[in-house]
Structure formats: C-alpha cells, structure tokens
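Remarks on the structure that follows.
The values are calculated or read from the model by the stated rules, or taken from the named source; none is laboratory data. What you are looking at is a predicted structure, and each value in this text was computed from that prediction instead of being measured. All Cβ positions, even for glycine, are placed from backbone atoms using ideal geometry, and neighbour counts span all protein chains on display.
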Amino acid sequence: MSGLLESLAFFRDPDFARSRFERHGDVFETTLLGHRTVFIRGAQAMNDLFAQAEAVQGWWPDSVRELLGPLSLANRNGADHKARRRVVGQLFASAALKRYSPAIVALVEELRLAMLGSERPVALVPMLRRFAFSVIASTVLGLDPVDREALFLDFEIWCQGLFSFRLALPGSRFARARRARGRLLRRLGAVLARAQAAAAAGQPLAAGGLDLLAGGLDEAGLPLGDDDVAEQLLLLLFAGYETTASSLSCLLLTLLQHPTELAWLQEELDTLVWPPAEGQAVTAYDALRAPRLDAVVKEVMRLTPPVGGFFRRTRQAISLAGVRVPADRVVQVSLAAIHRYGSRSEDLELFRPQRHLSGDTTATLLPFGGGERVCLGKALAELEIRLLAVGLLRQLTLVLEPDQDLSLAIIPSPSPKDGLLVRARHRANTSDRTAASA
Ligand code: HEM
C-alpha cells in the first residue's frame, strides 16, 4: 500500500487513532509519510482550527496537489482562494439549484425506470456513479453526451492517479493520469469557450450553469483566465462525483440493512408528493418538510462519511484545544473518528437516525467540513441525495440479492464491494392504498 493509501486508511479507520487519542488526549503528534503530523478530534479542537484560518493553509499529498493543478482553488489560500470560491459558488446558489432541479428529477426517474425494467438483479453502485456524474457533468456544467462520455473515460484514469504513487514513469498510473489531466483541461476549455460565445451572442445556453460564471473576478478585480476557470471545473468534477456517489450507495445499503428504520422513513415519504411541484424541488424534501429523511441522511454520513477527512498545514504556531501546535505541521482531521466520538454513554457505533431528531447527540457532525473551506457543493449534494431518496424509496421496494459482499471498499470513498446488487419492484405506498380502498 502506498503511503497515500495508508494515510487515507487512517482517515477511514476510526480505530487507528482511537487508542492514541485515549492515551494522549484530543491532539497528538506523530510522523506520517515523512511529515510531522498532528491528529485532532473533538469539538473544541475543530472549532479552534476553523477559527484560526489565517494561521493555516490547505494541504494535499503531492499526487493530489499536482493532479488538481496549481490554479485549483483547492491548492490556493487567502484572497486567491476566497475570490475563486465566490466565482464558483455561483453555480450552487439557490437560484442555480432551482434551475438544475427538473433535470435531476428526470435523472432520478430514468434511474427508477431502468431498475424496474431489469429482469435480473441490478448493481446499484455503477448506476449511482453514472447518476452522480451526470448531475455534475450534464446538469451543472451542461455537457452534451459526446463531451460527457469522453470526459468520463479520461476522468476515471485521472482519478486512479490521484490515489497512487507520484511516480511519473512511462505507463505508470500517475503518468497516465497526468496525460488525462491535459486532455480533460483542453476539453473543459473548449466547453467553456462555447458557453462564452453563446453568452456573448445573447443566445441562451441549452443546459447547465456555466453562464453564471461569466464576469467572475479574481482577487484583484480582474476576470479569471480561461485556464483558471477550466481548472476549477476539473475540481468540481472530482469533488462532486465520487463523494455524492458514495453517499447515495451507503444510504441505500444502510437502509436495506435496517428494515425497521426504512419502514419508519417510508411512513414519512408516503406523506410527500413525488415528483415535486414545479419550482418546489429545492425545498419540498428539506429538513423542515422531511425531518426523518434529514435524520437518516445525517446518520448515514456520520457513520460512513464520503470524505474520510482532510488536512491543513500550519503556517505559524497555533493552539488547538489548549495544545500548542508548532508551525509547519500537517494537521490531519479524521471525520470518521470525530463522528464516533462523544459521551461514553451514547451508542455512537449504532445506526440510530432518531438521535438527530431528539437533538441529544453528543457527536460533532462535520461531513462537509467547516470554516473557510467548507464544501462548496453542499447544497447541491443534499438536493441530489434527497431527490434520489424520495424518488426511489417512495416508489420502489428494493430487495438485496443474497450471497454478495456488502462490506465497504473504503478508498477513495466508501462503496459496497460487490456493487450493491438488488431486485426492484413497484411499491404500493400508503396514498396508493388509500386511493385503492376508497
Ligand atoms: C455528499 C457529498 C459531499 C461531501 C460529503 C463533501 C465533503 C467535502 C468536504 C469535507 C470538504 C472540505 C475539504 C477541506 O476542508 O479541505 C469539501 C470541499 C469541497 N467540496 Fe465537497 N462534498 C460533497 C459534494 C460536493 C459536490 C457535489 C461538490 C460540487 C459539485 C463539491 C465541491 C467541493 C469543493 C469545490 C470543495 C473545496 C472547497 C475549498 O477548498 O474551499 N462537493 N467537500
């Protein structure tokens, strides 16, 4: 296993650091991948980290940093970083989400019909990956099917390089990923140029939100260069695809393994209308209108966070939960560990969504991170997850195929090893039953 994979495994394995935390407290230092690394957990240490944003900067292992690229906002800091977040964030504002939602609802329906139409068991993981990729590639970036397919193939090569050794030997995964990066950026650049030409000619775009980026300014108030924007789009494909696909497959897997909680959730889903009324998709299934769904999504992300953790580097000495951390340390935040850490009397190893409704949970929940680098696509991810959960679980009965490996592959994001094989059939929900008996 490469050092990077090992490091990601530490993120994912809540037990790796647990014994050390027990011994040394919520902040301890060790050497990992040749870097002096500080592990932290607990609400106080996290709040302190987010509150001292100027004293830390983003940090990624070398392979990730190089494949994301020097212009990527993930590799930038300070005013540079803030300006790009402002530009890219326009793609996820509520008006933009409203614009995307009919297309997302259509993708959910397409998926539901494909599942119902299959005589044989279907593997949900590849279907959910396609779904998540289509949302970001077609719905947000507005790619046509030809561009989307070409990007998908190169993107998979690029992703494999992210979690490999940074050895640029000919034929190595990393070398192939570097070449794929070049092709991806060229294609994204061409897509962007088309969107700009359409905007300049006053023609409406066929799909997507790229017109929302027009006029985006950098930290000096100058327009962002095309290569700069293309690199941000590559980041969005990366950040928005694997993570959302993982959260969707973990959501369905966990519910199928917990039929009592699934029935409890479906009671609520039966009171909701699908598809959502025009213009209502963004709010129709939110925490206010679908509190059980909200609690289930939170609980699945608590136990199987799609992003296991993240890093920072200290630029100067800081204090975390009362412990002094010197300059030039890598701070490693393991969300998997943080989400299971709370009062000893709380059953934090169990799947119990109700804990989020009673509001008495002691665990700190940060699946989307926090502070200045909090996930930019959080609202889109939540929308996708809710639409898919309601669209599928309100209308389908899913049955797990026997004799499959339901354990999770954990890198890069948790996903059932055998692809989550299920049989789908139409589900008569409460409102159907009421109508039938009337
Ligand atoms: C369930 C799905 C998702 C989860 C759990 C998730 C989680 C996270 C986390 C934990 C971070 C913080 C990393 C850090 O602090 O260094 C992050 C950052 C980010 N996410 Fe997400 N994410 C999800 C979906 C998305 C989507 C759909 C998009 C966009 C299409 C997106 C775009 C981003 C971007 C651009 C950043 C970098 C922000 C920055 O460095 O300022 N994410 N995400």
inquiry  = Return the residues of region 94-110 that are in contact (Cβ under 8 Å) with a residue 40 or more places away in the chain and small (Gly, Ala, Ser); say none if nothing qualifies.
reply    = Ser94, Ala96, Ser101, Ala103
ask   = For region 134-145, does any single residue satisfy the condition of being among the small types (Gly, Ala, Ser), at positive phi and not in a helix (DSSP H, G or I)?
value = yes
ask   = Which residue pairs have Cβ atoms under 6 Å apart, sit 6 or more places apart or on different chains, and have a first residue in region 162-190 that is over 22 Å from Ser413 (Cβ atoms) and a second that is at pLDDT below 80 and among the basic types (Lys, Arg)?
value = none
remark   = For region 349-373, pairs from a residue that is in contact (Cβ under 8 Å) with a residue 24 or more places away in the chain and part of a loop (DSSP other than H, G, I, E, B) to a residue that is of a type in the set (Phe, Trp, Tyr) and within 16 Å of the ligand (Cβ to nearest atom), with Cβ under 9 Å and 6 or more apart or across chains, are Gly369/Phe50; Gly369/Phe310; Gly370/Phe50
message = Could you tell me how many of the residues in region 318-345 are assigned to a loop (DSSP other than H, G, I, E, B) and within 13 Å of the ligand (Cβ to nearest atom)?
response = 1
query = Can you name every residue in region 373-383 that is within 7 Å of the ligand (Cβ to nearest atom) and either over 11 Å from Val297 (Cβ atoms) or surrounded by fewer than 21 Cβ atoms within 10 Å (Cβ to Cβ) (or both)?
reply = Arg373, Val374, Cys375, Leu376, Gly377, Lys378, Leu380
ask   = Which strands (runs of 3 or more DSSP E) sit wholly inside region 23-64 and have at least 2 residues that are aliphatic (A, V, I, L, M)?
value = 27-32, 35-40
query = Within region 305-314, can one find any residue that is at pLDDT 95 or above, in contact with a helix residue (DSSP H, G or I) (Cβ under 8 Å, 6 or more places away or on another chain) and of a type in the set (A, V, I, L, M, F, W, C)?
reply = no
Test: residue in region 97-106 that is away from the ligand (no atom under 13 Å from the Cβ) and part of a strand (DSSP E or B) = no
remark   = Exactly one of Arg76, Arg86, Arg36, Arg65 is basic (Lys, Arg), within 22 Å of Gly377 (Cβ to Cβ) and in contact (Cβ under 8 Å) with a residue 60 or more places away in the chain, and that residue is Arg86
ask   = Just a yes or no: is a residue in region 234-250 more than 26 Å from Val88 (Cα to Cα) and within 14 Å of the ligand (Cβ to nearest atom)?
value = yes
message = Against the definition (modelled with pLDDT of 95 or more, more than 16 Å from the ligand (Cβ to nearest atom) and on the phi > 0 side of the Ramachandran plot), how does Leu400 come out, yes or no?
response = no
query = Quick check, is Ala428 small (Gly, Ala, Ser), at pLDDT below 90 and closer than 24 Å to Val108 by Cα?
reply = yes
